[in-house]
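Data first, discussion second: the structure below is written as structure tokens.
The values are calculated or read from the model by the stated rules, or taken from the named source; none is laboratory data. Everything quoted here is computed from the prediction, not taken from an experiment. Here the Cβ positions follow ideal geometry from the backbone for every residue, glycine too, while neighbour counts run over all protein chains shown.
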Amino acid sequence: MTMTTHDKDTTRALQGLEDGSSSVRLRAALAVGTAPDPRFVDKLVERCAIEPDFSVREMLTWALTRHDPSRTLPGLLGELRSERAQARSQALHTLSKIGDRSAWPAITRELLSDADDEVARSAWRAAVVLVPEEQAAELAEGLGTQLGRGGRETQLSLSRALTALGEVILPTLGAARAQGTPAARRHAIATERLLRDPDAGFEFSIEEAKRVAVLGTTGQEGQ
């Protein structure tokens, strides 16, 4: 059987995704997203798990969003069980960009508390995009268990995820202030400040939270 021009283009694109040059892989991912074809999906998902270049990974995710979710979701959901942290993280990132809420049940407590910070951060971002409104309070409780975790970037990611849920997070933050570790308490105070004043900035909110924690107040003194 003679190979058609389309088949040749498909073969060239699939080969390009594995090229040793990141610029070639980037162009190949762009081409795949520009002309979506179900035959590309498995390779795109596979490359997401191992692609070393950030810009190429972003283009792979974009290419996946250009395909029908009914075709992309099964492979992405399967990646959430991968032993490779990048596979889990990039799959979660892609699911958040696709935004299909049928993927919500796959965002488990295990992913929200994943030992790998990048996986956990991706899970937090995906969760707030995919969560049904009636389960937002339950998600807030799950996210609340991670208060105080990690360094600045990780804590900022969690605060952004929590504040995206709105005032439903207040009971969770209150519990952390009352019963959490010192780090969780400071993080909860900073997150509540961000919820009340998004323009305050995370660094300012953290410093204010430290002051409040030392004084043992709710942060109303001197106002």
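Brief remarks on what is shown
- Test for Ala115: is it among the small types (Gly, Ala, Ser), assigned by TED's automatic domain parsing to the domain that holds Leu73 and not in a helix (DSSP H, G or I): yes
- Candidate set: the range 182-204, residues that are of a type in the set (Asp, Glu) and surrounded by fewer than 16 Cβ atoms within 10 Å (Cβ to Cβ); chosen: the one farthest from Val131 (Cα to Cα): Glu203
- Residue list for the range 124-145, filter: assigned to a helix (DSSP H, G or I) and under 19 Å from Ala184 (Cα atoms): Trp124, Ala137, Glu138, Leu139, Ala140, Glu141, Gly142, Leu143, Gly144
Here's the yes/no breakdown for (1) closer than 19 Å to Ser89 by Cα; (2) out of contact with any Lys or Arg (no Cβ under 7 Å at 6 or more places or on another chain); (3) assigned by TED's automatic domain parsing to the domain that holds Ala115:
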| residue | (1), (2), (3) |
| --- | --- |
| Gly151 | yes, yes, no |
| Thr172 | no, yes, no |
| Gln179 | no, yes, no |
| Arg185 | no, no, no |
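- Residue in the range 1-14 that is surrounded by 15 or more Cβ atoms within 10 Å (Cβ to Cβ) and either under 29 Å from Leu111 (Cα atoms) or at pLDDT 95 or above (or both) present: no
- Matching residues in the range 146-181 - criterion: being surrounded by fewer than 22 Cβ atoms within 10 Å (Cβ to Cβ) and in a loop (DSSP other than H, G, I, E, B): Gly148, Arg149, Gly150, Gly151, Leu165, Gly180, Thr181
The rows are residues; the columns are (1) at pLDDT 95 or above; (2) over 21 Å from Gly142 (Cβ atoms); (3) not basic (Lys, Arg).
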residue	(1), (2), (3)
Pro36	no, yes, yes
Gly78	yes, yes, yes
Gln90	yes, yes, yes
Ser102	yes, no, yes
Pro105	yes, no, yes
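Listed here are the residues, each with its yes/no results for (1) more than 18 Å from Ala29 (Cβ to Cβ); (2) surrounded by fewer than 16 Cβ atoms within 10 Å (Cβ to Cβ); (3) out of contact with any Cys (no Cβ under 9 Å at 6 or more places or on another chain).
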| position | (1), (2), (3) |
| --- | --- |
| Glu58 | no, no, yes |
| Leu64 | no, no, no |
| Thr72 | no, no, yes |
| Leu76 | no, no, no |
| Glu79 | no, no, no |
| Ser82 | yes, yes, yes |
| Ala87 | no, no, no |
| Thr94 | no, no, no |
| Leu112 | yes, no, yes |
